[in-house]
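Report on one structure; see the data block that follows.
The values are calculated or read from the model by the stated rules, or taken from the named source; none is laboratory data. What you see is a predicted model; the values in this text were computed from it and never measured. Cβ sites come from the backbone with ideal geometry, for glycine too, and all protein chains shown count toward neighbours. Calculation scope for accessible area: heavy atoms of the full protein, side chains included, ligands and nucleic acids excluded. Shrake-Rupley method; radii C 1.70, N 1.55, O 1.52, S 1.80 Å.
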Amino acid sequence: MAAWLTVIGIGEDGLGGLGEAACVALRSAKVVFGGQRHLAMLPADFAAQRRPWPTPFDGAFDEILALKGSPVCILASGDPMLYGMGASLSRLVSAAEMHVLPAPSSFSLAAARMGWALQDVALLTIHGRPLETLNLHLHDGARLFILSHDGKSPAAIARLLTGRGFGPSRMAALEHMGGTKERRVDGVAKEWSVAEVATLNLVAVECRADAQARPLSTLAGLPDDSYQNDGQLTKRDVRAVTLARLAPCPGELLWDVGAGCGSIGIEWMRAHPSCRAIAIEADPGRQQLIRANSLTLGVPGLELVAGAVPGALKDLPIPDAIFIGGGVTEPGVLEQCWAALKPGGRLVANAVTVQSEMLLVAWQGKIGGELTRISVSQAKPLGDFDAWRAALPVTIFNVQKPK
């Protein structure tokens, strides 16, 4: 089918900034979708029907798809394929049916204003997303471009930076870039005093850490005190080895079964922005810890399933990898996890008790895989000297499902 849907990126300069192809598409359209601000840019005698985005917004997709085959235009800000409507529609409409005409994105304009090479900047958004998403990207010297949720976002970003030990960071709120109302507000996070700027803004941040900052690596094995926990925590050294065997790859999904305080799922997601994880936990107190830790450590997208295994595993999306940290001896848990795992996927289970270890030994004999025992000792004071204090040994079972 030929392209019937045209997604037009439009900047602050309005219709005057559109190319000939965009103008032709608009003149040919039967229906034009867009926000009220964009639709108001169209001339009064414009022939096509104007449809503002519905509330709730999700209904827009059904409205657009119902017009399939008719010439339809969508007006969107900047580059529609960058955190925009075009990216969402590309999951529903084939590339052959959709023609995308981008304008310069806010990120591109910000790079030009700041004089920063775009490939060296983390491109982020808090538009409709938790502010704590930024926590993953706070490192001394890092440069961030952040699409704001509203005019109060720069002040909220400044408070977050200051609270995380990045108060000396330089900030710039860039308003209405590319238009006649363009303005730039500069400052330092800990001294930021502007309560609200224009709703349409992007925040540029050059991170600078103070003495209290605690930057955290994206590699596995964060310090144990990075987590709020009630004692149910896969300790740092074992956690690093466990995640090495789980081997997160971009775009993959993990089930963290018996998640405790969520450390395995959280560090899986910290490995790459596209990694996804579902934490399954029955204890209400630990569920609260998982929520708190996922925010603090910058992965608010961690999905929490509240319930006991194996019942809580029913109807979950097919995983690329599964970690069983709790509930391994519950009847049916290993069987259901192995059955649900994608061919080629990895299953890793840890055991501390004799009973759980015996079960993993039996499973290794049945389906193959590897068994590894880890014993970690740390030097602790003993009188005037130090002695080695051993933690309980942990048996790790890891196996890959045949393709």
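Here are a few things to note about the model shown:
- Any hit, segment 370-390, residues being within 20 Å of T242 (Cα to Cα), touching a helix residue (DSSP H, G or I) at 6+ places or on another chain (Cβ under 9 Å) and in a helix (DSSP H, G or I): no
- Test for Q212: is it over 20 Å from E370 (Cβ atoms) and touching a residue at least 24 places away in the same chain (Cβ under 8 Å): yes
- Yes/no for S274 being within 14 Å of the chain's Cα centre (by Cα) and surrounded by fewer than 24 Cβ atoms within 10 Å (Cβ to Cβ): yes
- Those residues of segment 22-41 which are of a type in the set (A, V, I, L, M), under 35 Å from the mean Cα position of the chain (by Cα) and surrounded by fewer than 19 Cβ atoms within 10 Å (Cβ to Cβ), in sequence order: V31, L39, A40, M41
A quick yes/no check of all residues on (1) under 30 Å from R346 (Cβ atoms); (2) among the aliphatic types (A, V, I, L, M):
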{"position": "R184", "(1), (2)": "no, no"}
{"position": "V205", "(1), (2)": "no, yes"}
{"position": "Q228", "(1), (2)": "yes, no"}
{"position": "D237", "(1), (2)": "yes, no"}
{"position": "T242", "(1), (2)": "yes, no"}
{"position": "A247", "(1), (2)": "yes, yes"}
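- The residue pairs whose first member lies in segment 102-120 and is at negative phi, whose second member is open to solvent by 50 Å² or more (accessible area, probe 1.4 Å) and part of a helix (DSSP H, G or I), and whose beta carbons are closer than 6 Å, counting only pairs six or more residues apart or on different chains, are A111/L118.
- Restricting segment 151-172 to residues that are out of contact with any Lys or Arg (no Cβ under 7 Å at 6 or more places or on another chain) and over 15 Å from V185 (Cβ atoms), the residue that is least open to solvent (accessible area, probe 1.4 Å): L161
- Subset tally (residues that are among the polar types (S, T, N, Q) and either within 19 Å of A22 (Cβ to Cβ) or touching a helix residue (DSSP H, G or I) at 6+ places or on another chain (Cβ under 7 Å) (or both)) for segment 45-73: 2
- When segment 215-261 is filtered for residues that are over 21 Å from S375 (Cβ atoms), open to solvent by 50 Å² or more (accessible area, probe 1.4 Å) and touching a helix residue (DSSP H, G or I) at 6+ places or on another chain (Cβ under 7 Å), the ones remaining, listed by number, are T218, Q228, N229, D230.
- Scanning segment 347-360 for residues that are in contact (Cβ under 8 Å) with a residue 24 or more places away in the chain and not in a loop (DSSP other than H, G, I, E, B) gives L347, V348, A349, N350, A351, Q355, S356, E357, L359, L360.
- Checking the stated criteria, F57 turns out to be open to solvent by 60 Å² or more (accessible area, probe 1.4 Å) and among the aromatic types (F, W, Y).
- Enumeration of residues in segment 186-211 that are open to solvent by 20 Å² or more (accessible area, probe 1.4 Å) and not in a loop (DSSP other than H, G, I, E, B): D186, V188, K190, E191, E206
- Long-range neighbours under 7 Å by Cβ, at least six apart or interchain, first residue under 24 Å from P284 (Cα atoms) within segment 230-244, second of a type in the set (K, R): D230/R286; Q232/R286
- Hits in segment 1-13 (condition: open to solvent by 10 Å² or more (accessible area, probe 1.4 Å) and either closer than 17 Å to A48 by Cβ or among the hydrophobic types (A, V, I, L, M, F, W, C) (or both)): M1, A2, A3, W4, T6
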